[in-house]
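The values are calculated or read from the model by the stated rules, or taken from the named source; none is laboratory data. As the structure is a computational prediction, the values presented were derived from the model and not from experiment. Please note: Cβ atoms are built from the backbone with ideal geometry, for glycine as well, and neighbour counts cover all protein chains shown. Each accessible area value is taken on the protein alone, full model and side chains, heavy atoms only, with ligands, DNA and RNA left out. Shrake-Rupley method; radii C 1.70, N 1.55, O 1.52, S 1.80 Å.
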Amino acid sequence: MVTNEFWLERWQSGRIGFHRDEVNPWLVQYWPQVARGAKVLVPLCGKSADLLWLANQGYDVTGVELSPMAVVEFFGDNDLTYHTEQEGSLKIHTAKDLPLRIVEGDYFDFDETGFDACYDRAALVAMPEDKREQYVLHTKQRLTPQASLLLITLSYDGEQSGPPFSVLDFEVTELWGEWIRKVASEDLLQVDERYQGVERTFYEETVWRITS
């Protein structure tokens with residue numbers, strides 16, 4: 001059962017195989033043209049270096065993350081000073097010298113709106129099937145009608161041993177609508193030794209975009 005406690009325990013025990021130290025190359029290659037200063041939302045951001053990359057492009061970046069440990073490690077690993085405010089059940093951690101903040105708490109408690117773009121590398125694939133529709137609807141409610149989206153999903157055959165969960169192409173278009181487009185995909189079984197030896201015939205990472 002994938003609960004908040006499940007994720008907090010994963011961070012506590014260091015079982016964070018989904019984390020990458022480097023900036024995601026798909027982000028650098030396929031981030032849509034969004035005006036500098038735009039508000040960018042990163043759901044379930046962990047301690048991703050992608051947050052820094054976005055802030056350094058001149059965007060006003062808001063990550064949302066459940067784990068206090070992930071938040072503290074993000075600021076510590078990157079030598080960033082920050083201040084913290086409590087807003088209801090959420091803690092807002094704002095960097096001092098970058099247009100960047102991380103909201104600590106349950107993503108479904110985060111109700112700010114007006115975001116011009118969203119970057120989802122690890123959020124949709126972290127959602128069990130019965131939570132995906134709620135997650136996408138909640139995310140759409142945070143965005144402006146013309147917002148851009150960069151979404152990265154995984155699809156694989158065999159046992160559903162997620163998270164990360166397999167999200168098939170038709171599900172992505174059902175959830176996000178007719179404007180979403182597949183822009184790239186790669187079979188990780190062919191290119192990443194970490195996935196070899198797994199009893200699957202494909203393990204595909206796919207990049208999707210909605211551009212305003």
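Ignoring any ligand, DNA or RNA, what whole percent of the accessible area of the chain comes from carbon and sulfur when the probe is 1.4 angstrom? Heavy-atom surface of the chain belonging to carbon and sulfur, 1.4 Å probe: 48 percent.
Dividing the summed helix terms, -39500 (n - 2.57) for each DSSP H run of n ≥ 4, by the number of residues in the chain produces a 222 nm estimate of -7500 deg cm²/dmol to the nearest 500. The Ser89 and Asp187 beta-carbon pair, evaluated with R₀ = 45 Å, returns a calculated FRET efficiency of approximately 0.65.
Suppose accessible area is computed on protein heavy atoms with a 1.4 Å probe; arrange Val64, Val28 from highest to lowest. Don't skip to the answer; put the middle values down first.
Numbers: Val64 0, Val28 80 Å².
Highest to lowest solvent-accessible surface, that is Val28, Val64.
Surface analysis of the chain yields an accessible area of 51 Å² per residue, using protein heavy atoms and a 1.4 Å probe.
Below 8 Å, C-alpha to C-alpha, sequence gap of six or more: please give me the relative contact order for the stretch 104-148 in percent.
Values: 30 pairs, mean separation 26.6, N = 45.
Reported as a whole number, the value is 59 percent.
Working from Cα pairs under 8 Å separated by at least six residues, relative contact order for the chain is 18 percent.
Beta bridges from DSSP with both residues in the chain: antiparallel share about 60 percent, rounded to the nearest 5.
Gain in length, Glu112 to Asp21, computed as 0.36 nm per residue apart minus the alpha-carbon separation, to one decimal in nm? Can you show the working numbers first?
On the way: separation 91, 0.36 × 91 = 32.76 nm, distance 2.83 nm.
Going from the current span to full extension adds 29.9 nm.
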